[in-house]
1. In terms of Cα to Cα distance under 13 Å, which aspartates and glutamates are near enough to K210, apart from those fewer than 8 places away along the same chain?
2. For the charge dipole of the stretch 12-131, defined by +1 on Lys and Arg C-beta atoms and -1 on Asp and Glu C-beta atoms about the Cα centroid, which residue among A57, L124, G71 has the Cα displaced farthest towards the positive pole?
3. Through the Karplus equation 6.51 cos²θ - 1.76 cosθ + 1.60, θ set to phi - 60°, convert the phi angles of the stretch 179-191 into ³J(HN,Hα) values in whole Hz; use x for Gly and Pro.
4. Just how many % of Cα pairs in the chain lie over 30 Å apart, if you round to the nearest whole percent?
5. Once the dipole of the stretch 263-306 is set up with Lys and Arg at +1 and Asp and Glu at -1 on Cβ about the Cα centre, which of I300, L264, Q276 lies farthest towards its positive end?
6. Report the antiparallel proportion of the DSSP beta bridges in the stretch 30-171 as a percent, rounded to a multiple of 5.
7. Can you list, bin by bin at 5 Å, the percent of alpha carbon pairs in the stretch 245-404, starting at 0?
8. Hey, got a sec? Which trypsin sites (Lys or Arg not before Pro) in the stretch 79-177 land in a DSSP loop and have at most 10 other Cβ atoms within 10 Å?
Amino acid sequence: MNDSYNPFEITQKQVEEAGLHLKLDEDIIEHLKWPQREYKFTLPVKMDNGKVKTFHAYRIQYNFARGPAKGGIRFSLDENLDTLRALAALMAWKTAVADIPLGGGKGGVCCNPREMSQRELEYLSRAYIRAVCDFIGIDKDIPSPDISTNPQTMAWMMDEYETIIRKHQTGVVTDKPQPLGGTEGRRDATARGGLIAVREACKVYKIDPKGNYVVQGFGSAGQRVALSHPIYFGGGKLIAASDSQGGIINEKGLDPRELLIHKLKTGSVIDFKEAQSIDREEVLEINADILYPSARENAINKNNANSIKAKIVCELANGPTTPEADEVLYSKNIHVLPDILANAGGVTVSLFEMVQDSYSYFWDEETVNRRLDRILTKAFHTVENTIRERKVHPRLAAMIVAVARLAEACRLRGWV
Ligand code: GLU
């Protein structure tokens, strides 16, 4: 992480830049630079030691022109109003790039989930819903998991919401456990979306997807992509991985399944057998065909952009590359699959989950994956055509696609 960046200012600049390319009026650009609604609240939770702890929490609803707000809730110590505004904005651009009828949103609670018991996490999740229940709902704002939250968190949140409104409404959150209205394919969706983008990029840029790949951030998306990459492409070797504790490398290849078992057992990738340990930052700089940044914001920045050697950077994380780094990677002819395209698989399958919940009838995994493929393949080529037509770097191209769609929705509604 590089502290000198304000992530929200970055997303605002990106809107301005895309707006200028599209020759949009200043008033619509100004409108699109800001979230429409922001909620800040405190959550008192009785902890296991009997004391009440007050947690600071947020929910940002970025834009409603194309549909209800949608996005994750993270439990993390690093969040503040501006990080969550930026992440909510990314959700709005992501749903627009995928061309699905949702707006953007994000929420967060400042806490250290590693130090909390399951009971404390449950109480915190329920307290969060009690605070936001008037502002969320299937036609207002639909949360999902994000960093340090998961399907169990969603189950508690949905249960609390249904208890308050006194009716069934499973679609109020997505990425739920399947017995509670979750969909097939949601757990793999973010990684699968990234793989679809990599597949198309490899075709366009004539790169072999069966080469080496690196996963920075062995969390939920990183683990799924590490496992799925060789299965999806019928080959490919994971040569390095990292998490918040450190990095590991083995040029001969790491077994993703064994690594996952090790991570689940020990809580980290470090000390994995037959691997050398390296600095977690170094993992980004390894010479591989495909790099999957899957951790947090600003990992690739002006300090390390010049050292990136991958041919394709597939951003499974939100906001992993800073604007200066984008320019450097573009000048080095590294193909970046920007977050708002590359990780849009998650929210796309979240939409599928909402649709299935609305009529309580569920699709098989093949149907979910086929429909996801169609949406993301189309999104990839729309962005790719924009890169060529406007001669801009991939993130700007994706932003141009997204901003044009959102601006059009606002104009048709008569907002600006
Ligand atoms: N947290 C995921 C993201 O950042 C999923 C969002 C969703 O499904 O609502 O894209």
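The values are calculated or read from the model by the stated rules, or taken from the named source; none is laboratory data. Keep in mind that what you see is a predicted model, and the values were worked out from it rather than measured. In this analysis, Cβ positions are derived from the backbone assuming ideal geometry, glycine residues included, and neighbour counts consider all displayed protein chains. The area values use the complete protein model at the heavy-atom level, side chains included, leaving out ligands, DNA and RNA. Shrake-Rupley method; radii C 1.70, N 1.55, O 1.52, S 1.80 Å.
1. D289
2. Among A57, L124, G71, the one farthest towards the positive end of the dipole of the stretch 12-131 is L124.
3. Working through the residues one at a time gives x, 10, x, x, 9, 4, x, 6, 4, 8, 5, 5, 5 Hz.
4. Values: 33114 of 86320 pairs.
Tail of P(r) above 30 Å: 38 percent of Cα pairs.
5. The Cα lying farthest towards the positive end belongs to L264.
6. Details: 17 of 25 bridges.
Of all bridge pairs located within the stretch 30-171, approximately 70 percent are antiparallel.
7. Final binned percentages: 2, 8, 14, 17, 15, 15, 13, 10, 5, 1, 0.
8. Answer by residue number: R166, K167.
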